[in-house]
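Chemist: The structure under discussion is supplied below as structure tokens; questions concerning it will follow.
Readers should treat all values here as calculations from the given coordinates under stated rules, not as data from a laboratory. Everything numeric in this text was worked out from a predicted model, so none of it was measured. All Cβ positions, glycine included, derive from the backbone under ideal geometry; neighbour counts span all protein chains shown.
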Amino acid sequence: MEKRLNIALLAGGNSSEREIALQSAAQIYRALDKERYNIFLIDLNHRDWSYTAADGSIWQVDKNDFSISVKGEKTIFDYALILIHGTPGEDGKLQGYLEMMEIPFSSCSMTSSVITFDKMTTKQTLRGKVNLAREVFLRRGEEYNGDKIVAELGLPLFVKPNASGSSFGVTRVTKAEELDKAIALAFTESDEILIEECITGREMGCGVMIAGGKEYIFPITEIIAKNAFFDYEAKYTTGMSEEITPADITEEVKRELNRMTLEAYRTCRCSGVVRVDFIVTEEGKPYLIELNSIPGMSGGSIVPKQAREMGISLGELYDIIIQDTYRK
């Protein structure tokens, strides 16, 4: 890759995770090698895709050819580095545009992103390959019997939007009378929701990447939340969670987590770096919670800490990703 690439670092997005995505992108922008790449931080906010120049002037992206013109000087982007959590960066919409424009990009393909962003589709894809919590799936407007759900799945249980991240709209329900309110909250984030049995145990975050034919299995992180579960506050407020990398687990549990992580990555046809989260029961049995195709990359995020533990800087990590996905 001798050419100095014009990279659009795509940030922001339209979801509740917008602010976290902007923080992730700012960290990656600082980490990237400005000698190797011309980097343009592009903020996507619904139809407004804008670049803010050094002098504060704002310029719109021309979506017809994925370019910007700043004071008469036109730059066509060679590559897109996607750092948008939630829609349109993690759910396949942006990837579909880039694939049509024949622009290489850093994350999973459109198909893989659709599968991994939709929790029910992820579970259906991975059923029989990894351990999964039992669930009830509801669409907006569908009738449900709360007593029957509680009888089937037990208490506590989790109610979560089917397509959302950063634990927005997620509730841990401990009493049957809390279920209706939790369902209503989840529907504020998504038209479809999941009600899942609560698997109790230790939460583990597993970073993984396959690039250049090589498997990068990151050190596993144990996440100990001060709250009832690893919710938005625990994820993004300093001191609200303790993250231990590498996790203090047996070699047997580590092997099984690594196996399931790679199984999920390959089966869902992922690319770039992803994070797969699990709950490990007291007996040492891991259950998959979710797969994050564009994991957080802000200062407090898990994957950057795992990369550092491996001796790989964020800049080096993205060099590997860019070189691998640009060739494709």
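Chemist: Taking the Cα centre of the chain as the origin, how large is its charge dipole in debye, to the nearest 20, when only Lys and Arg (+1) and Asp and Glu (-1) carry charge on their Cβ atoms? Walk me through the numbers on the way to the answer.
Modeler: Working: 38 positive and 50 negative charges, 134 e Å.
Approximately 640 debye in magnitude.
Chemist: Helix-derived [θ] at 222 nm for the chain: sum -39500 (n - 2.57) over DSSP H runs of at least 4, divide by residue count, nearest 500?
Modeler: -9000 deg cm²/dmol
Chemist: Structure shown: which of Lys3/Lys214; Lys129/Lys285; Lys214/Lys285; Lys123/Lys181; Lys34/Lys305; Lys123/Lys160 lie over 18 Å apart, alpha-carbon to alpha-carbon?
Modeler: Distance filter (> 18 Å) returns Lys3/Lys214; Lys214/Lys285; Lys123/Lys181; Lys34/Lys305.
Chemist: So, in Å, what gap is there between the alpha-carbon centers of segment 6-40 and segment 123-200?
Modeler: Each part reduced to its Cα centre gives a spacing of 33 Å.
Chemist: How high is the FRET efficiency between Arg47 and Ala151 when r is their beta carbon distance and R₀ equals 51 Å, given to the nearest 0.05?
Modeler: So the FRET efficiency works out to roughly 0.65.
Chemist: Okay, next question. Once fully extended, how much extra length lies between Asp248 and Tyr144, figured as 0.36 nm per residue of separation less the alpha-carbon to alpha-carbon distance? All intermediate terms of the calculation are to be shown ahead of the outcome.
Modeler: On the way: separation 104, 0.36 × 104 = 37.44 nm, distance 4.13 nm.
Gain on extension, Asp248 to Tyr144, equals 33.3 nm.
Chemist: Further, regarding this structure: Test of understanding: in a Gaussian network model of the chain with alpha carbons linked when under 10 Å, which of Tyr79, Tyr97, Tyr265 would top the mean-square fluctuation ranking?
Modeler: Tyr97
Chemist: Would you mind calculating the relative contact order of the chain from Cα pairs under 8 angstrom and at least 6 residues apart, reporting the percent as a whole number? Please report the intermediate quantities before stating the final value.
Modeler: On the way: 684 pairs, mean separation 60.6, N = 328.
Value for the chain: 18 percent.
Chemist: So, in nm, how far is label Tyr97 from label Gln323 when the simple model puts each one 7 Å beyond its Cα toward the Cβ?
Modeler: The modelled label-to-label distance comes out at 3.0 nm.
Chemist: Provide the gained length on full extension for the span Lys34 to Ala176, in nm with one decimal, where the gain is 0.36 nm per separating residue minus the Cα-Cα distance. Walk me through the numbers before you get to the answer.
Modeler: Details: separation 142, 0.36 × 142 = 51.12 nm, distance 5.49 nm.
Length gained, Lys34 through Ala176: 45.6 nm.
Chemist: Would you mind computing, in nm to one decimal, how far apart the modelled labels at Thr121 and Thr75 are, each placed 7 Å from Cα along Cα→Cβ?
Modeler: 3.3 nm
Chemist: Can you give the FRET efficiency to the nearest 0.05 for Ala184 and Glu263, using r as the Cβ-Cβ distance and R₀ = 30 Å?
Modeler: On the way: r = 35 Å, r/R0 = 1.17.
That gives a FRET efficiency of 0.30.
Chemist: For segment 41-104, rounded, prolate or oblate, judged on the Cα gyration tensor with a ≥ b ≥ c (square roots of eigenvalues), a/c < 1.5 rounded, else prolate if a/b > b/c?
Modeler: Here segment 41-104 falls in the oblate category.
Chemist: Could you give me the ³J(HN,Hα) list for segment 67-79, computed from phi with Karplus coefficients 6.51, -1.76, 1.60 and θ = phi - 60°, whole Hz, x at Gly and Pro?
Modeler: My calculation for segment 67-79 gives 9, 10, 10, 10, 6, x, 9, 8, 10, 9, 6, 8, 7 Hz in order.
Chemist: Quick one, which of [x] 64, 50, 38; [y] 65, 46, 36; [z] 57, 42, 38 is the actual Cα extents along the principal axes in Å calculated for this model?
Modeler: Read-out from the structure maps to [y].
Chemist: While we're looking at this one, here's another question. Quote the charge dipole size of segment 1-124 about the Cα centre in Debye, to the nearest 20; the model charges only the Cβ of Lys and Arg (+1) and of Asp and Glu (-1).
Modeler: Roughly 100 debye, rounded to the nearest 20.
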